[in-house]
Amino acid sequence: MSEFANLRYVDTMPRSLKVKRGLWVLVWLLFFRPTPRGIFNGWRLFLLRLFGARIGRGSKVAASCFVWAPWNLEMGEFSVLGDGVDCYTMDKIRIGSKVAVSQRCFLCTGSHDITSLRRPLITRPITIGDHCWIAAESMVLPGVNIAEGSVIGARSLVTKDMPSWSVCAGHPCVVLRPRRLAPEISLPTKGA
């Protein structure tokens, strides 16, 4: 038998948080998740806000998106959490305005300290600036700041901060090039 056999995982989560989360998961299962894709967005936002999420006008959250603790979620205006997005909000996740978090992304604010065999929980917030796009199936690790205007390529693993107005991708995610915007094209007005 190992000398470490009697060490056990330390559960530091307060009972009140477990109860609050249990209630949220029940509400998510019964009233959030079953809503049809593409409609009832207002209802889903109402439920998230009821549990403390701060979400700006015009934002959308897919029915298959899961938010671990809505009270730790902040979203600006006109931002989107796509199908299957997992917001592991053990700590704050702050998402700016006009941000797209594409399908099956994982935003992870919690982990365990591997320097201890008791594996105590550690958490760090994630911040995603305005005008960012986190492409499909990307994973963002605890403590990462993705600055304004950055694009994270599909299936990237973001382990450190990404600078503003950059195109980034990879395992681990690295800066590939600056993100340059094309000049805005004026659309013809009606009757012109």
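Structure summary
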{"read-out": "Boolean, F31 is more than 20 Å from V144 (Cβ to Cβ) and in contact with a Ser or Thr (Cβ under 8 Å, 6 or more places away or on another chain)", "value": "no"}
{"read-out": "Filter result (among the small types (G, A, S) and touching a residue at least 12 places away in the same chain (Cβ under 8 Å)) within region 97-135", "value": "S97, A100, S102, G110, S111, G129, A135"}
{"read-out": "Hey, S116 surrounded by 20 or more Cβ atoms within 10 Å (Cβ to Cβ), touching a Leu at 6+ places or on another chain (Cβ under 9 Å) and more than 26 Å from F40 (Cβ to Cβ) or not", "value": "no"}
{"read-out": "Selection count, region 1-44, where residues are within 30 Å of R118 (Cα to Cα) and of a type outside the set (D, E, K, R)", "value": "19"}
{"read-out": "Subset of region 21-51 that is touching a residue at least 40 places away in the same chain (Cβ under 8 Å) and farther than 19 Å from D83 by Cβ - its residue that is surrounded by the most Cβ atoms within 10 Å (Cβ to Cβ)", "value": "W24"}
{"read-out": "Failed condition for G52, given (1) modelled with pLDDT under 95; (2) part of a loop (DSSP other than H, G, I, E, B)", "value": "(1)"}
{"read-out": "Residue match in region 30-41 (condition: in contact with a strand residue (DSSP E or B) (Cβ under 9 Å, 6 or more places away or on another chain) and within 23 Å of K98 (Cβ to Cβ))", "value": "yes"}
{"read-out": "Strands (runs of 3 or more DSSP E) completely within region 71-185 that count 1 or more residues being in contact with an Asp or Glu (Cβ under 6 Å, 6 or more places away or on another chain) and at pLDDT 95 or above", "value": "93-95, 106-108, 121-123"}
{"read-out": "Considering residues of region 164-190 that are surrounded by fewer than 14 Cβ atoms within 10 Å (Cβ to Cβ) and of a type in the set (K, R) only, the residue farthest from W133 (Cα to Cα)", "value": "K190"}
{"read-out": "Index of the failed condition, Y88 passing every other in (1) aromatic (F, W, Y); (2) over 23 Å from I122 (Cβ atoms); (3) free of Cβ contacts under 8 Å to residues at least 24 places away in the same chain", "value": "(2)"}
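This table checks each residue for (1) within 18 Å of E74 (Cβ to Cβ); (2) charged (D, E, K, R).
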position: D11; (1), (2): no, yes
position: S16; (1), (2): no, no
position: G22; (1), (2): no, no
position: V27; (1), (2): no, no
position: L30; (1), (2): no, no
position: I39; (1), (2): no, no
position: R44; (1), (2): yes, yes
position: L50; (1), (2): yes, no
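The values are calculated or read from the model by the stated rules, or taken from the named source; none is laboratory data. In this text the structure is predicted, and so the values were computed from the model without any measurement. With ideal geometry, Cβ positions are generated from the backbone for all residues, glycine too; neighbour counts draw on all protein chains shown.
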